[in-house]
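The structure appears below as structure tokens.
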Amino acid sequence: MTEKQRKPLFAALKILISAALIYFIFTKIDFGDVFQILRSANPIWLLGAVILYTCSKIMNSFRLNLYFHAIGVKLTQQSNLKLYLLGMFYNLFLPGGIGGDAYKGYVVQKQFNAGTKKVIGVLLLDRLSGMLLIIIYALLLAASLDWSNTYAFFNWAYLVLTPLGIFVFWWINKKWFSYAIKVFWGSFFYSAALQLVQILAVFCIMKALSVHTDEFAYLFIFMVSSIVSVIPLTIGGFGSREVTFLYGSLLFALNQDVSVGISLTFMAITAFISLMGMLYHFKKPKLETVSQ
């Protein structure tokens, strides 16, 4: 089977898996109850969530541009943001075609000839930097929860694994991606800031849905769902994130309808912001550099 034949097959498979997971979820809960919760959402808090999520993605584009500058691709922030939005659109709405990261890498390499390995390397580091902070925040939230003795290790895991994880990631940068080591701490702090802003966005969603208890538990489930959604088996994590929220709510004895409602609302906001990148699908962004 050729690459051209595999892409639509993988796209169909992702759609099928997402649909199957969503169907499974709604065999476990009452969609009508979830719909009523979403209908009664506070629009002011939802607007706050949209603004904060948008800010987190802008910060994400700044982090990526740090890496581009490290390999000599000195894009302006404006043109990089346009490229980033287009990548978001491709990642969510064209899962079987040109993926967002693949497209960004292709365009940057074609126009600037920075070296295929370096371009792929910084795109990978950008993803890994974000994942590192997701795990760190997940451990911090886990340490704040009232676990049974079986899970008591979370109380010290954060203090041990956080510095260890940072050191290992720094060592990986130093050993295999030395051309990007100069932006290590800059990307790290961008990741810390943008993940915190995204957590605040989810907190706004929770308040919009009248969640006033067990906030840390809901946020911990969200961080775990962010890790699960990276697995490329569904469309933009749609379905896998909701299943994580469903089983997380069972683990912590939370309201299942509210949990799934939080996940669906976050997915809707993600889709809304990603849809803005469609403009640059029809009118490809001109990549300008700082020196121009």
- Message: Cβ-Cβ distance below 8 Å, separation of 6 or more or different chains: which pairs start in region 35-60 with a residue that is under 21 Å from His212 (Cα atoms) and end on one that is assigned to a helix (DSSP H, G or I) and of a type in the set (Lys, Arg)?
- Response: Asn42/Lys207; Trp45/Lys207
- Item | Unmet requirement for Phe220, which otherwise passes all of (1) surrounded by 20 or more Cβ atoms within 10 Å (Cβ to Cβ); (2) more than 24 Å from Leu128 (Cβ to Cβ); (3) among the hydrophobic types (A, V, I, L, M, F, W, C) | (2)
- Query: Being in contact with a Cys (Cβ under 7 Å, 6 or more places away or on another chain) and either part of a helix (DSSP H, G or I) or modelled with pLDDT of 95 or more (or both), is that true of even one residue in region 166-183?
  - Reply: no
- Message: Filter region 263-292 down to the residues that are in contact (Cβ under 8 Å) with a residue 60 or more places away in the chain and under 15 Å from the mean Cα position of the chain (by Cα) and list them by number.
- Response: Leu264, Thr265, Phe266, Ile269, Thr270, Ala271, Phe272, Ile273, Ser274
- Query: Looking at region 58-96, which of its residues are buried (at least 19 other Cβ atoms within 10 Å of the Cβ) and within 28 Å of Leu16 (Cα to Cα)?
  - Reply: Tyr84, Leu85, Leu86, Gly87, Met88, Phe89, Tyr90, Asn91, Leu92, Pro95
- Item | Residues being of a type in the set (Gly, Ala, Ser) and modelled with pLDDT under 90 - total across region 250-270 | 1
- Note on the structure: The number of residues in region 261-287 that are crowded, with 21+ Cβ neighbours inside 10 Å and in contact with a Ser or Thr (Cβ under 7 Å, 6 or more places away or on another chain) is 1
- With Leu81, Leu47 as the choices, which residue is part of a helix (DSSP H, G or I) and in contact with a helix residue (DSSP H, G or I) (Cβ under 6 Å, 6 or more places away or on another chain)? Leu81
- Item | Residue selected from region 105-119 under the condition free of Cβ contacts under 8 Å to residues at least 40 places away in the same chain and part of a helix (DSSP H, G or I), by the criterion surrounded by the most Cβ atoms within 10 Å (Cβ to Cβ) | Gly105
- From the residues in region 139-165 that are within 22 Å of Phe184 (Cβ to Cβ) and surrounded by 14 or more Cβ atoms within 10 Å (Cβ to Cβ), which one is modelled with the highest pLDDT? Gly165
- Query: Based on what the data block shows, is Ile231 modelled with pLDDT under 90 and surrounded by fewer than 18 Cβ atoms within 10 Å (Cβ to Cβ)?
  - Reply: yes
- Please work out which one of (1) buried (at least 16 other Cβ atoms within 10 Å of the Cβ); (2) part of a helix (DSSP H, G or I) is the condition Leu196 fails and give its number. (1)
- Task: Can you confirm whether region 53-72 contains a residue that is closer than 20 Å to Thr289 by Cα, at pLDDT below 95 and either in a loop (DSSP other than H, G, I, E, B) or touching a Gly at 6+ places or on another chain (Cβ under 9 Å) (or both)?
- Result: yes
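The values are calculated or read from the model by the stated rules, or taken from the named source; none is laboratory data. All values derive from a computational prediction rather than experimental measurement. Backbone-built Cβ (ideal geometry, glycine too); neighbour counts: all protein chains shown.
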